[in-house]
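A quick write-up on the structure given underneath.
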Amino acid sequence: MNLLSFFNRRTSAPVARERLQILLAHERGIVGGKPDLVAQLREEILAVVRRHVMVEQDNVQVKMNRDSDISTLEIEIEIPAPVAARA
Amino acid sequence: MAKVLVVTSGKGGVGKTTSSAALGAALAHGGDKVVVIDFDVGLRNLDLVMGAERRVVFDLINVVQGDAKLNQALIRDKRLENLSLLPASQTRDKDALTEEGVARVLDELRQKFDWIICDSPAGIERGATMAMRHADVAVVVTNPEVSSVRDSDRIIGLLDSKTELAEKGGRIEKHLLLTRYDPVRAERGEMLKVDDVLEILSIPLIGIIPESEEVLRASNVGSPVTLNNPASAPGRAYFDAVRRLKGETVELTIPTDKKGLFGKLFGRRAA
């Protein structure tokens, strides 16, 4: 390992943290017997966006971070580039 | 009033038995009357970690089934007279644990002890559910590692739904015990930090036990780390955890095994 790669190395702990947050938001819904909020949000958001733009299911990312004081909902929708020459 | 405390985790190998022995011995060291019960029927190890493996005659299953009296099965620690062990059976399986039988044994123990520590087996099956069933307090042992955190999250869900206290509408007191923590690796971003785990699991922290050679050294000789080397980093961390468990406010620090130059050069002493 050279000095440069030592400094540029992406640390793995933040990856672990993010993976756990996504997974547990999902699993808590299932285990608790409650509807999976994140999955439900994804479906509904997708339906609304699709009224206007065609997006693929995989292009909608919904993330929820829970904290004792504040929870955040992060929604990322990838919209395809408009078809170039509309004849 | 006696308190029933379950030491649980879901995942195996994170330090439930080590922590049960260490917390039990530290509580007893402070003068409380303590019994530690091994719920890992079929795979008992608490007896070995506490150095009492050659003194087991009767076990938890014998008492649950009425084949032996509680006093015949309890093993008194040779170092601390107010510390006892109730071993698990090695030849039976966890189906032998009946809810009524366990409740009866715990009720009898409540008359004799201040703390009843239930060392849960790994998993979420009968042994684990029986160990947590009648608990007032839970210590969730977690390593700063993805599979351990996930399993702890699952166990917290069970503590909130499948315990007697939860079913009666009460709320079981839950504490996180973070074990095998390496502050240097966490600082480098190679290990989940204390705050990461706390944010994900959202239960209060009772202690941080640093990764240490002392833990293996203690189990090698069959002595809880809090008795074998109370001044060691894990020893001090467990003693701090016990003070918090008893309601004291103790500043959260991560003890370290400080080695002088001599220790660094000639660090390999025998246990």
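Of the residues B:65, B:111, the single one that is at pLDDT 95 or above and over 27 Å from residue B:222 (Cα atoms) is B:111. Within segment B:85-118, being open to solvent by 20 Å² or more (accessible area, probe 1.4 Å), in a loop (DSSP other than H, G, I, E, B) and touching a strand residue (DSSP E or B) at 6+ places or on another chain (Cβ under 9 Å) holds for B:113, B:114.
Scanning segment B:175-182 turns up at least one residue that is more than 22 Å from residue A:18 (Cα to Cα) and open to solvent by less than 60 Å² (accessible area, probe 1.4 Å).
Scanning segment B:194-210 for residues that are over 16 Å from the mean Cα position of the chain (by Cα) and of a type outside the set (A, V, I, L, M, F, W, C), we see that the one that is least open to solvent (accessible area, probe 1.4 Å) is B:196. The condition of being loosely packed, with under 10 Cβ neighbours inside 10 Å and either within 14 Å of chain B (Cβ to nearest Cβ) or modelled with pLDDT under 80 (or both) holds for only one of A:9, A:19, A:86, that being A:86.
If we scan segment B:146-162, do we find a residue that is out of contact with any helix residue (DSSP H, G or I) (no Cβ under 9 Å at 6 or more places or on another chain), more than 20 Å from residue B:234 (Cβ to Cβ) and open to solvent by less than 60 Å² (accessible area, probe 1.4 Å)? Scanning segment B:146-162 turns up at least one residue that is out of contact with any helix residue (DSSP H, G or I) (no Cβ under 9 Å at 6 or more places or on another chain), more than 20 Å from residue B:234 (Cβ to Cβ) and open to solvent by less than 60 Å² (accessible area, probe 1.4 Å).
Using beta carbons and a limit of 8 Å, which pairs, at least six apart or on different chains, have the first residue in segment B:83-101 and closer than 17 Å to residue B:117 by Cα and modelled with pLDDT under 90 and the second one open to solvent by 50 Å² or more (accessible area, probe 1.4 Å) and assigned to a loop (DSSP other than H, G, I, E, B)? Note: no pairs meet the criteria. Of the helices (runs of 4 or more DSSP H) contained entirely in segment B:120-223, those carrying at least 3 residues that are within 11 Å of another protein chain (Cβ to nearest Cβ) and among the hydrophobic types (A, V, I, L, M, F, W, C) fall at B:146-159, B:194-201.
Condition check: open to solvent by less than 30 Å² (accessible area, probe 1.4 Å) and in a helix (DSSP H, G or I). Does residue B:14 satisfy that? Judged against the criteria, residue B:14 is not a match.
The values are calculated or read from the model by the stated rules, or taken from the named source; none is laboratory data. The structure displayed is predicted, hence computed values, not measured ones. For neighbour counting, all protein chains shown are included, and Cβ atoms are generated from backbone atoms with ideal geometry for every residue, glycine included. These area figures cover heavy atoms from the full protein model, side chains too; ligands, DNA and RNA do not enter into them. Shrake-Rupley method; radii C 1.70, N 1.55, O 1.52, S 1.80 Å.
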